[in-house]
Ligand SMILES: [Zn+2]
């Protein structure tokens with residue numbers, strides 16, 4: 001299989017005009033003569049979109065073209081008012097790249113990227129009013145990066161892993177929100193099956209499954225389609241390889257099957273030609289290197305670092321890296337301190353993750369202040385509060401909307417502080433014995449007050465410990481000390 005993937009770039013404005021890119025705006029309210037395709041309107045390239053594309057292409061290890069141009073892909077459709085789409089035909093901005101994915105057994109597999117090019121999106125036809133179709137041109141001119149892989153993908157799971165990896169990468173790079181709900185990514189797998197008989201290799205016709213908009217659909221459609229192609233061959237005694245044409249198919253999620261749309265032989269002739277309204281794009285090697293130098297750590301590299309540097313399990317590291325905000329929070333909270341990594345991991349992936357998931361949010365989206373997290377992790381590490389108290393404090397903090405949380409104050413207010421440090425408590429006892437010689441004397445030799453004195457001294461220790469000492473242990477320490485003094 002090979003994949004074609006469209007990723008919507010997160011620019012402020014459209015690819016060739018200044019209209020804002022906004023999700024859910026009033027239909028046709030974000031349009032101008034350029035994206036409406038009015039005669040005489042002239043497009044101007046959005047530099048930020050080009051740079052974002054180059055970032056993405058570089059992160060996929062692509063070569064970057066020093067010279068590219070814009071081409072018109074001609075076709076008529078109601079949501080494409082100027083009757084052509086501006087795209088890059090023979091000179092994509094990025095080419096010959098690769099992305100590595102993890103496959104079973106801890107191995108990694110390289111998926112080659114054939115090309116990545118920038119193009120504009122069409123508008124949207126809406127069919128939800130009976131008897132008519134509506135056209136919304138707000139989306140017209142939205143920058144899309146189209147990524148095309150070589151046919152290196154061997155299973156539905158590999159396709160799934162590749163697509164989710166690409167989404168993560170896009171979010172890490174900040175080039176796309178890559179929200180599946182908002183339709184920021186669309187996938188089109190090209191699928192066929194290789195059948196080997198002895199030394200002969202036969203191939204079934206290629207099906208291109210159009211417009212998949214979820215990772216699950218990618219996996220399900222590929223699984224279905226590979227089975228269907230094998231069944232077609234097995235069930236037809238007169239099957240002739242190479243006879244049937246390649247075809248486009250659609251995914252019917254309700255029926256969990258692909259459906260025939262049209263034969264590839266009927267594919268349109270798009271009459272590509274260079275757009276005379278737009279200047280070609282040239283990039284200098286210096287500029288490309290500058291963009292490369294600014295790339296952030298990729299999710300894969302980051303995952304490996306969390307494993308090697310902080311001793312996280314690969315599974316835990318994956319979960320943390322899955323969201324850039326979460327990964328940033330993790331790094332900022334432990335700030336290179338290996339001793340905090342384990343506890344931070346279990347806090348984030350335990351109660352916090354569940355609580356965030358319940359609200360359809362990420363952990364960092366609920367409580368993002370790294371200093372607060374660090375404070376809580378330290379409190380747990382130092383035994384200031386026990387594990388269940390720590391969890392209780394965290395969940396309570398996540399319920400509130402405070403950006404910053406003073407966990408120590410919270411713990412104090414809820415009387416959850418515990419001091420297990422006997423040395424510290426002994427020091428407090430020493431101090432109290434020094435400051436309260438009268439009471440000590442009572443305890444040692446005043447028959448009337450000997451019984452009450454230890455309680456009084458315990459109270460004093462609790463006082464100077466700010467309520468953090470464990471009164472039971474303090475009582476034992478005081479009794480032992482009095483005994484020792486009596487013996488001495
Ligand atoms: Zn516009």
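The values are calculated or read from the model by the stated rules, or taken from the named source; none is laboratory data. Just so you know, these numbers come straight off a predicted model, no measurement behind them. Note: ideal-geometry Cβ built from the backbone for every residue, glycine included; neighbour counts use all protein chains shown.
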**Prompt:** Could you list, in sequence order, the residues of the stretch 249-291 that are over 29 Å from residue 209 (Cα atoms), without any contact (Cβ under 8 Å) to a residue 60 or more places away in the chain and surrounded by 13 or more Cβ atoms within 10 Å (Cβ to Cβ)?
**Reply:** 287
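Tell me yes or no: at least one residue of the stretch 87-97 is closer than 21 Å to residue 300 by Cβ, in contact (Cβ under 8 Å) with a residue 60 or more places away in the chain, surrounded by 20 or more Cβ atoms within 10 Å (Cβ to Cβ) and in contact with a helix residue (DSSP H, G or I) (Cβ under 7 Å, 6 or more places away or on another chain).
From the stretch 87-97, those closer than 21 Å to residue 300 by Cβ are 94, 96-97; that's our starting set.
With the extra rule that they be in contact (Cβ under 8 Å) with a residue 60 or more places away in the chain, the set shrinks to none.
No, there is no match, as no residue in the stretch 87-97 is closer than 21 Å to residue 300 by Cβ, in contact (Cβ under 8 Å) with a residue 60 or more places away in the chain, surrounded by 20 or more Cβ atoms within 10 Å (Cβ to Cβ) and in contact with a helix residue (DSSP H, G or I) (Cβ under 7 Å, 6 or more places away or on another chain).
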**Request:** State all residues of the stretch 393-409 that are assigned to a helix (DSSP H, G or I) and either out of contact with any helix residue (DSSP H, G or I) (no Cβ under 9 Å at 6 or more places or on another chain) or not assigned by TED's automatic domain parsing to the domain that holds residue 372 (or both); if no residue qualifies, say none.
**Result:** 409
**Asked** Identify, please: which residue in the stretch 1-15 is within 12 Å of the ligand (Cβ to nearest atom) and under 21 Å from residue 125 (Cβ atoms) and is, among those, surrounded by the most Cβ atoms within 10 Å (Cβ to Cβ)?
**Response** 15
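Could you tell me how many of the residues in the stretch 104-116 are part of a strand (DSSP E or B) and either more than 25 Å from the chain's Cα centre (by Cα) or over 30 Å from residue 284 (Cβ atoms) (or both)?
Going residue by residue through the stretch 104-116, those that are part of a strand (DSSP E or B) are 107-116.
In the following step, the residues that additionally are either more than 25 Å from the chain's Cα centre (by Cα) or over 30 Å from residue 284 (Cβ atoms) (or both) were identified as 107-109.
Final tally of qualifying residues: 3.
Return the only residue of 166, 144 being in the same structural domain as residue 220 (by TED's automatic domain parsing), within 16 Å of the ligand (Cβ to nearest atom), buried (at least 23 other Cβ atoms within 10 Å of the Cβ) and under 17 Å from residue 94 (Cβ atoms). Let's see the steps before the verdict.
On the way: 166 fails: within 16 Å of the ligand (Cβ to nearest atom).
Just one listed residue meets the conditions, 144.
Quickly run through the stretch 70-103 and pick out the residues that are in a loop (DSSP other than H, G, I, E, B) and within 33 Å of the chain's Cα centre (by Cα). Outline the logic, then answer.
Of the residues in the stretch 70-103, the ones in a loop (DSSP other than H, G, I, E, B) are 70, 75-76, 78-79, 81-83, 88-93.
Within the stretch 70-103, 70, 79, 88, 89, 90, 91, 92, 93 qualify.
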**Message:** Residue under question is residue 135, and the condition is that it be assigned to a strand (DSSP E or B) and within 16 Å of the ligand (Cβ to nearest atom); does it hold?
**Reply:** yes
**Message:** Checking residue 20 against (1) touching a helix residue (DSSP H, G or I) at 6+ places or on another chain (Cβ under 6 Å); (2) within 16 Å of the ligand (Cβ to nearest atom), only one condition comes out false. Which one?
**Reply:** (1)
**Request:** Find all pairs meeting these conditions: Cβ atoms under 7 angstrom apart; at least six residues apart or on different chains; first residue within the stretch 31-49 and more than 13 Å from the ligand (Cβ to nearest atom); second residue in a helix (DSSP H, G or I) and modelled with pLDDT under 95.
**Result:** none
**Asked** Hey, residue 239 hits all of (1) part of a loop (DSSP other than H, G, I, E, B); (2) touching a helix residue (DSSP H, G or I) at 6+ places or on another chain (Cβ under 7 Å); (3) closer than 30 Å to residue 34 by Cβ but one; which does it fall short on?
**Response** (3)
**Request:** Could you list all residues from the stretch 305-347 that are at negative phi and not in a helix (DSSP H, G or I)?
**Result:** 312, 313, 322, 323, 337
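Suppose the filter is within 20 Å of the chain's Cα centre (by Cα), modelled with pLDDT of 95 or more and closer than 26 Å to residue 103 by Cα; does residue 307 pass it?
Values: within 20 Å of the chain's Cα centre (by Cα): yes; modelled with pLDDT of 95 or more: yes; closer than 26 Å to residue 103 by Cα: yes.
So residue 307 passes the test.
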**Request:** Pairs only if they're at least six apart or on different chains, beta carbon under 6 angstrom, first in the stretch 156-171 and on the phi < 0 side of the Ramachandran plot, second modelled with pLDDT of 95 or more and surrounded by fewer than 20 Cβ atoms within 10 Å (Cβ to Cβ); list them, first residue then second.
**Result:** 156/223; 160/215; 163/215; 164/215
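Can you tell me how many residues within the stretch 91-132 are out of contact with any strand residue (DSSP E or B) (no Cβ under 9 Å at 6 or more places or on another chain) and within 16 Å of the ligand (Cβ to nearest atom)?
Residues of the stretch 91-132 that are out of contact with any strand residue (DSSP E or B) (no Cβ under 9 Å at 6 or more places or on another chain), as a first pass: 104-107, 129-132.
Next, from what is left, pick out any that are within 16 Å of the ligand (Cβ to nearest atom): none.
Number of matching residues: 0.
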**Message:** I need a count of the residues in the stretch 201-236 that are outside any helix (DSSP H, G or I) and in contact with a strand residue (DSSP E or B) (Cβ under 8 Å, 6 or more places away or on another chain).
**Reply:** 13
**Message:** What's the number of the only condition in (1) crowded, with 20+ Cβ neighbours inside 10 Å; (2) more than 14 Å from residue 10 (Cα to Cα); (3) within 17 Å of the chain's Cα centre (by Cα) that residue 123 fails to meet?
**Reply:** (3)
